[in-house]
Amino acid sequence: MHLTGTYPDWWQGRRFPSATRGWAAGVTGESTRDNPQRILLGSLNEPGTGAVPKSAIVEVRNSRGYPDAVDTVLVAHKSGRLSQLSFKSYEKGRERWQGESLDFVWLDEEAPPDVYSEALARIAARGGVVFTTFTPLLGMSTVVRRFFEESSDDRALVQMTIEDAPHIAPEDRAKIESGYSPQDRKSTRLNS
């Protein structure tokens with residue numbers, strides 16, 4: 001939505017009226033390709049089958065680091081300008097995150113504290129947003145504490161369980177849950 005500027009009527013969150021610059025990132029280049037890139041662009045052989053519609057994808061620039069990984073995608077924004085999304089990873093360290101001013105950053109899986117802080121710095125000049133999606137497998141880490149223990153009007157916590165996944169049939173949920181140990185069920189929040 002932030003890349004195209006096309007929002008559903010029910011959307012009550014932030015809206016960007018003009019083209020945006022953003023980053024989507026994961027733990028490694030490989031996991032970034034396999035998760036955020038796949039979700040946003042679709043399968044490797046069919047860009048445009050993910051959340052960003054094919055009709056909006058203007059150009060896809062491949063990465064040199066990992067096979068089939070994308071470095072940057074240019075997306076048509078309804079303003080008539082081009083939004084730019086680049087894919088990053090945490091593995092190269094905080095230093096590779098410096099210098100850019102962005103409208104948004106999506107952190108897929110828990111980022112190290114220095115990378116999370118650098119993501120916040122990247123959106124400061126433009127009044128942007130950071131989204132982070134992860135299961136707190138590292139326990140009450142520094143980043144997790146920011147959401148659970150620090151009060152801020154600029155930060156929100158949304159918790160979900162397998163019950164919040166309506167695309168998984170109830171009988172399949174039970175089979176999925178039974179495959180995990182009790183400790184894993186607790187840490188992956190499969191049970192409410």
Exercise. If the chain between Ile168 and Thr142 were fully stretched, how many nm would it gain, using 0.36 nm times the residue separation less the Cα-Cα distance?
Worked result: 6.2 nm
Seminar exercise, completed: Relative contact order of the chain (C-alpha contacts under 8 Å, at least 6 apart) in percent is 18 percent
For this session: Take the alpha carbon atoms of the range 11-27, find their center, do the same for the range 134-180, and report the distance between the two centers in whole angstrom.
Result: 22 Å
Problem set entry | Candidate aspartates and glutamates - alpha carbon under 14 Å from Lys54, same-chain residues fewer than 8 apart omitted | Glu46
For this session: Could you work out the relative contact order of the range 86-178, using alpha carbon pairs under 8 angstrom and six or more residues apart, expressed as a whole percent?
Result: 23 percent
Seminar exercise, completed: Quick calc: nm separation of the 7 Å Cα→Cβ label points for Ala124 and Ala51 -> 2.6 nm
Seminar exercise, completed: On the formula 1/(1 + (r/R0)^6), with r taken between the Cβ atoms of Thr72 and Arg15 and R0 of 25 Å, the FRET efficiency rounded to 0.05 is 0.60
For this session: Can you tell me how much longer the chain between Leu44 and Asn62 gets when fully stretched, taken as 0.36 nm per residue apart minus their C-alpha distance, in nm with one decimal?
Result: 5.4 nm
Exercise. Measuring from a point 7 Å past the Cα of Ser181 along Cα-to-C-beta, which residues in the range 119-158 have an amide N at less than 18 Å?
Worked result: 136-140
Exercise. If you roll a 1.4 Å probe over the chain with all protein chains in place, what percent of the accessible area is carbon or sulfur?
Worked result: 49 percent
Seminar exercise, completed: Descending accessible area (1.4 Å probe), largest on the left, turns Tyr90, Tyr180 into Tyr180, Tyr90
Exercise. Each residue of the range 102-110 in order: what ³J(HN,Hα) in whole Hz does its phi give by Karplus 6.51 cos²θ - 1.76 cosθ + 1.60, θ = phi - 60°, with x for Gly and Pro?
Worked result: 10, 8, 7, 9, 10, 9, 9, 5, 5
Problem set entry | Label selected from (1) 50, 38, 36; (2) 62, 40, 38; (3) 69, 39, 29, the criterion being Cα extents along the principal axes in Å as computed here | (1)
Exercise. Stretch Arg155-Thr133 to full length: gain in nm at 0.36 nm per residue minus the Cα-Cα span?
Worked result: 6.6 nm
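Only sites in a loop by DSSP and with at most 16 other Cβ atoms within 10 Å count here; which GluC sites (Glu not before Pro) in the range 139-182 make the cut? It would help to have the intermediate numbers written out before the result.
Details: sites: Glu149, Glu150, Glu163, Glu171, Glu177; in loops: Glu149, Glu150.
Hits after loop and neighbour filter: Glu149, Glu150.
State the antiparallel share, in %, of DSSP beta bridges confined to the chain, rounding to the nearest 5. Don't jump to the answer; show the numbers that get you there.
Working: 11 of 26 bridges.
Expressed as a percentage, antiparallel bridges in the chain total about 40.
The values are calculated or read from the model by the stated rules, or taken from the named source; none is laboratory data. Bear in mind that the values here come from a model prediction, so they are computed numbers and not experimental data. Every residue, glycine among them, receives a Cβ derived from its backbone with ideal geometry; neighbour counts consider all protein chains shown. We work out accessible area using only protein heavy atoms, side chains counted, and drop any ligands, DNA or RNA first. Shrake-Rupley method; radii C 1.70, N 1.55, O 1.52, S 1.80 Å.
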